[in-house]
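These notes are about the structure you will find just below.
The values are calculated or read from the model by the stated rules, or taken from the named source; none is laboratory data. Not measured: the values here are computed from a predicted model. Note: ideal-geometry Cβ built from the backbone for every residue, glycine included; neighbour counts use all protein chains shown. Heavy atoms of the whole protein, side chains included, go into the accessibility calculation; ligands, DNA and RNA do not. Shrake-Rupley method; radii C 1.70, N 1.55, O 1.52, S 1.80 Å.
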Protein chains: 4
Amino acid sequence: MSTARLETFADGVFAIAATLLIIDVSVHAEGDELGRALLDAWPQYAAYAVSFLVIGVMWVNHHAAFTQINRVDRTFLFINVGFLMSVAFLPFPTRLVGEHLQDDGEQAAALAYGITMTVISLGFAAFWFYAAIGRRLIDERADQRRVTGISRSYLPGAPYSLAATLVALRNPTVSLVLFAAMAIFYVVESSLFGRADEGA
Amino acid sequence: MSTARLETFADGVFAIAATLLIIDVSVHAEGDELGRALLDAWPQYAAYAVSFLVIGVMWVNHHAAFTQINRVDRTFLFINVGFLMSVAFLPFPTRLVGEHLQDDGEQAAALAYGITMTVISLGFAAFWFYAAIGRRLIDERADQRRVTGISRSYLPGAPYSLAATLVALRNPTVSLVLFAAMAIFYVVESSLFGRADEGA
Amino acid sequence: MSTARLETFADGVFAIAATLLIIDVSVHAEGDELGRALLDAWPQYAAYAVSFLVIGVMWVNHHAAFTQINRVDRTFLFINVGFLMSVAFLPFPTRLVGEHLQDDGEQAAALAYGITMTVISLGFAAFWFYAAIGRRLIDERADQRRVTGISRSYLPGAPYSLAATLVALRNPTVSLVLFAAMAIFYVVESSLFGRADEGA
Amino acid sequence: MSTARLETFADGVFAIAATLLIIDVSVHAEGDELGRALLDAWPQYAAYAVSFLVIGVMWVNHHAAFTQINRVDRTFLFINVGFLMSVAFLPFPTRLVGEHLQDDGEQAAALAYGITMTVISLGFAAFWFYAAIGRRLIDERADQRRVTGISRSYLPGAPYSLAATLVALRNPTVSLVLFAAMAIFYVVESSLFGRADEGA
């Protein structure tokens, strides 16, 4: 049983969720105030960029995992459906953050964003560890050190997201900056230190 | 004649219909009322989750069917177009349920949801039985017991959906719970009892 | 040079354009008037179904054409981009028809629908005849009678669409019925008479 | 390490971004004024067509590049994510141009469009030159003259876009015409002079 159709479906959800983010970027202004309104809308662009990057990172990691995974079972398919359900939810809190970054709704928006990110992180961990523990769905030819290395690299995601979410109870702006930093750090780190053969 | 392009098109519709569901989740509130409004919007999240799961189940089953089917004909393509038309319609009654679960529109919304689900179930049955009866499009190497087993597992879907729809005439909340239960039951049952080689 | 990536891109546009149609189906009503409003919205459902079917037919025909075509060139890619641009435009006049079928805007909506359908038909003809004339992009192993048969079957599309559009100048309802009839006729005819090997 | 999944993801984003453009085309009018309103909305159709064409050109070029590229690394994946982020942003300034082409917001809209196009052009250049310089990701069998030819053809994109953007400071209409002309020129030129084997 191949993994191809799961990868196609997942790629579809990643691509659509990322591309849909732009629907929620909107500016309503009379003609002569459009320039100013476009500048004031910077929180929407920032939220768009961070969430697009988060989905891109998820896609790269999902992709990398399938260099080690070579079969699926029903439970695994539904774990993926659940994980993708959380990823596809991200446009909603992204819109909230873009709209409320500069008003009294910032804390509620940051909490919604953080909870969604935490669920996504947990979903990704469930996806990977279901496949990796006991090498349940791992390719027989895969190097165990490589599998363990991937496992180790995915461990911090959920605790970090949870911590960043809790920070929003005190300071929602810092919480959002922590999520942006996580995505940027991941891109920089894996570009600098990722090996060419490292599942990418 | 291969089935690949039909599967690609179907995967696209499944992925898009599921991912579009989030567009209809929306909360409009002033900043300081956002937290409360987000909590009050739980029917929208529940409707999102159930419909995403329903589409995920449809995708898994469609996927499983193609482990037995190895060719297509024109009629089969159009049966699939009709089936996908009903799946792609699901975001509309989902939105209705999310908006009206707590007002006087609940019955109309539940009926719209139920009718759509019944049409989807009938469409899926038409899709499978057109291929399976007389082994019209079934792979010559497929085990007939396996084909019969799939047929048997798909029989209850449409009657169950019709019954749950009729329940909405008396109690729309119960009707909606029955649809949520069906999706969750399917996931749990097939994860627990599905064999690793069972078309998944 | 293979045709695979063009087919993937086209399948994506077909699947997305069809699935996006549901975004434009909307009913706004207070709870206790929702049932009536849902019934009154039938023109939207009809428009959804006809346009979904039209896109499905386009997908099947595009699919069938690629059983004969086995290479591409730049001009052909851009003809496809233009054709897909017209297909992806269809949700807009579909929305107009769904909204204005029962008011004074029906004629304008029917003309917009008809013009779009005519452009789609011309685009499809350009796509096919660019490939088929002189067998420019046709597989060397393809049977010329089969190619000629496909050419003949695609000839009536654009004149029919143009005629149905002109009918809207006198009677927009009849015009719309003619487009619905074309899609349904195509499905029935090709299901009844299509050979199993006929590019499907 | 193959390039297939990156191409699938990119094709998804291209197809979705192009198809989403139609969501932003909208006309609100009473029935008897619909005809006039549809005619007055021509800037929206023009913006739709130009942006669809731009995305189509990007897709063809991305496609052509992968006839020379045969492997990926992490940095390259994230360069692609960044490039696709800019492409997926295009529906937003397209909507602004469609809405404000005939009011005082034209200059702001044209600047937003031009800046987005410039970022897209820079992203595409980063994508190609990262792969091509030192033949980092180029297929060993690829002809260096061919690679150099592609590099040369991509050099003018970003400076041209930047220049056209700056023009908007004086005359936004001319700026927008320059972007439309670029897309049309590219299609005509590559159709007339593109060799059949030229990566298409």
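Some observations on this one:
- Of all residues in the stretch B:59-98, those satisfying the criterion of being in contact with a Ser or Thr (Cβ under 8 Å, 6 or more places away or on another chain) and without any contact (Cβ under 8 Å) to a residue 12 or more places away in the chain are B:R74, B:F78.
- Candidates B:I22, B:I69, filtered to the one that is within 12 Å of chain A (Cβ to nearest Cβ) and either of a type in the set (D, E) or more than 23 Å from B:A168 (Cα to Cα) (or both): B:I22
- Within the stretch A:37-55, at least one residue is more than 24 Å from D:Y113 (Cβ to Cβ) and touching a residue at least 40 places away in the same chain (Cβ under 8 Å).
- With a requirement of 2 or more residues that are modelled with pLDDT of 90 or more and open to solvent by less than 10 Å² (accessible area, probe 1.4 Å), the helices (runs of 4 or more DSSP H) lying completely within the stretch A:1-104 that satisfy it span A:4-20, A:42-65, A:74-89, A:91-100.
- When the stretch C:157-194 is filtered for residues that are under 16 Å from the mean Cα position of the chain (by Cα), more than 22 Å from C:W59 (Cβ to Cβ) and crowded, with 21+ Cβ neighbours inside 10 Å, the ones remaining, listed by number, are C:T165, C:S175.
- Screening B:R141 against (1) open to solvent by 70 Å² or more (accessible area, probe 1.4 Å); (2) part of a loop (DSSP other than H, G, I, E, B); (3) in contact (Cβ under 8 Å) with a residue 60 or more places away in the chain leaves a single unmet condition, (3).
- Residue identified as away from chain B (no Cβ under 14 Å) and either within 13 Å of the chain's Cα centre (by Cα) or closer than 24 Å to D:V81 by Cβ (or both) among A:V87, A:V54: A:V54
- Single match in C:G134, C:G149 (criterion: at positive phi, modelled with pLDDT under 95 and outside any loop (DSSP other than H, G, I, E, B)): C:G134
- Residue within the stretch D:51-59 that is farther than 23 Å from A:Y45 by Cβ and touching an Asp or Glu at 6+ places or on another chain (Cβ under 8 Å) present: yes
- Sole residue being at the interface with chain C (Cβ under 8 Å from one of its Cβ atoms), of a type outside the set (S, T, N, Q) and free of Cβ contacts under 8 Å to residues at least 40 places away in the same chain, chosen from D:G105, D:G31: D:G31
- Matching residues in the stretch D:105-131 - criterion: being farther than 24 Å from D:A10 by Cα and in a helix (DSSP H, G or I): D:E106, D:Q107, D:A108, D:A109, D:A110, D:L111
- Residue list for the stretch A:1-13, restricted to those being within 9 Å of chain B (Cβ to nearest Cβ) and not hydroxyl-bearing (S, T, Y): A:M1, A:R5, A:L6, A:F9, A:A10, A:D11, A:G12, A:V13
- Residue count, the stretch C:167-200 (criterion: in contact with a helix residue (DSSP H, G or I) (Cβ under 8 Å, 6 or more places away or on another chain), modelled with pLDDT of 85 or more and of a type outside the set (G, A, S)): 12
- Any hit, the stretch B:117-130, residues being within 14 Å of chain C (Cβ to nearest Cβ), more than 17 Å from the chain's Cα centre (by Cα) and in contact (Cβ under 8 Å) with a residue 24 or more places away in the chain: yes
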